[in-house]
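The values are calculated or read from the model by the stated rules, or taken from the named source; none is laboratory data. No experiment lies behind these values; they were computed from the predicted model shown. Quick reminder, even Gly has a Cβ in these numbers, built from the backbone with ideal geometry, and neighbours come from all protein chains shown.
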Amino acid sequence: MDSFVLDTSIFTNPDVYGQFGESPGVAMDAFLRLVRRSGARFYMPSSVFDELCLIKGKEIPPDFEAVVRIRSPRRFNITVPAGILYEFIEEVRTRIDRGLRIAEEHAKMAQAGIEAEDVGKVINRLRGRYREALRQGIIDSREDMDVLLLAYELDAVLLSADQGLRKWADKVGVKIVRPDNLLQVMEKLVAYQAGE
């Protein structure tokens, strides 16, 4: 029996939930119907479920927890290869340096003199570029780490639209389903369970 670990992006990213329905609520109901019929086990770390509750609130069906198992990884019992930690630290350092160069570039622009009405635009551009340099394509939250560790611990398939999470899952050998294939994968699980 296959096991899957869910990230919030399955229910918050329009490109993913849109495969299941026009609105997030309809899509979540359709997804859960497929989960019930799939014969597979679906998990979500409690930190991720808490995040989902903050984002979706009353849109989460009452039976969500009966269909998706809420379980945190055993953080203190999981062994992760040291090479992965070294690679992660090196990537963080590279990103910090990149962010610093972006900040320096914008400081030089400010020093050169920016019209008062352009300051807001420059700050917004700085924030966007800085966020992209530091956060895009990397694990950047406890919730992301919980998803990765639980999938690693359970030898489960990761379901996420988060590019950084998928990238690091691939590095540690966690199976991944591309988010744009999720509906087809779910339908195949249901068909397999039904003996088709």
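Residues to consider are 71, 37, 33; find the one that is in the same structural domain as residue 168 (by TED's automatic domain parsing), surrounded by 11 or more Cβ atoms within 10 Å (Cβ to Cβ) and over 25 Å from residue 22 (Cα atoms).
Among 71, 37, 33, only 71 is in the same structural domain as residue 168 (by TED's automatic domain parsing), surrounded by 11 or more Cβ atoms within 10 Å (Cβ to Cβ) and over 25 Å from residue 22 (Cα atoms).
Specify the residue that is modelled with the lowest pLDDT; the eligible residues are those in the range 75-100 that are surrounded by 11 or more Cβ atoms within 10 Å (Cβ to Cβ) and among the basic types (Lys, Arg).
Here the residue is 95.
Kindly provide the set of residues from the range 4-16 that are in a helix (DSSP H, G or I) and not charged (D, E, K, R), ordered by number.
Selection gives 9, 10, 11, 12, 14, 16.
Considering only the range 34-62, state which residues are among the aliphatic types (A, V, I, L, M), part of a helix (DSSP H, G or I) and touching an Asp or Glu at 6+ places or on another chain (Cβ under 6 Å).
Once the filter is applied, which keeps residues that are among the aliphatic types (A, V, I, L, M), part of a helix (DSSP H, G or I) and touching an Asp or Glu at 6+ places or on another chain (Cβ under 6 Å), the range 34-62 yields only 48.
Let me confirm something: among 50, 2, 63, which residue is in contact with a strand residue (DSSP E or B) (Cβ under 7 Å, 6 or more places away or on another chain) and among the acidic types (Asp, Glu)?
Going through 50, 2, 63 in turn, just one is in contact with a strand residue (DSSP E or B) (Cβ under 7 Å, 6 or more places away or on another chain) and among the acidic types (Asp, Glu): 2.
Do we have any residue at all in the range 169-178 that's surrounded by fewer than 18 Cβ atoms within 10 Å (Cβ to Cβ), assigned to a helix (DSSP H, G or I) and among the basic types (Lys, Arg)?
Yes, because at least one residue in the range 169-178 is surrounded by fewer than 18 Cβ atoms within 10 Å (Cβ to Cβ), assigned to a helix (DSSP H, G or I) and among the basic types (Lys, Arg).
Mind listing just one residue for me: the one in the range 1-30 that is touching a residue at least 24 places away in the same chain (Cβ under 8 Å) and aromatic (Phe, Trp, Tyr) and, of those, surrounded by the most Cβ atoms within 10 Å (Cβ to Cβ)?
Going through the qualifying residues, I end up with 4.
Are any of the residues in the range 107-114 outside any helix (DSSP H, G or I), surrounded by fewer than 18 Cβ atoms within 10 Å (Cβ to Cβ), at pLDDT below 70 and not assigned by TED's automatic domain parsing to the domain that holds residue 22?
Yes, because at least one residue in the range 107-114 is outside any helix (DSSP H, G or I), surrounded by fewer than 18 Cβ atoms within 10 Å (Cβ to Cβ), at pLDDT below 70 and not assigned by TED's automatic domain parsing to the domain that holds residue 22.
All but one of (1) farther than 23 Å from residue 171 by Cα; (2) under 20 Å from the mean Cα position of the chain (by Cα); (3) part of a helix (DSSP H, G or I); (4) not aromatic (Phe, Trp, Tyr) hold for residue 19; which doesn't?
Evaluating residue 19 over (1) farther than 23 Å from residue 171 by Cα; (2) under 20 Å from the mean Cα position of the chain (by Cα); (3) part of a helix (DSSP H, G or I); (4) not aromatic (Phe, Trp, Tyr) leaves (3) as the failure.
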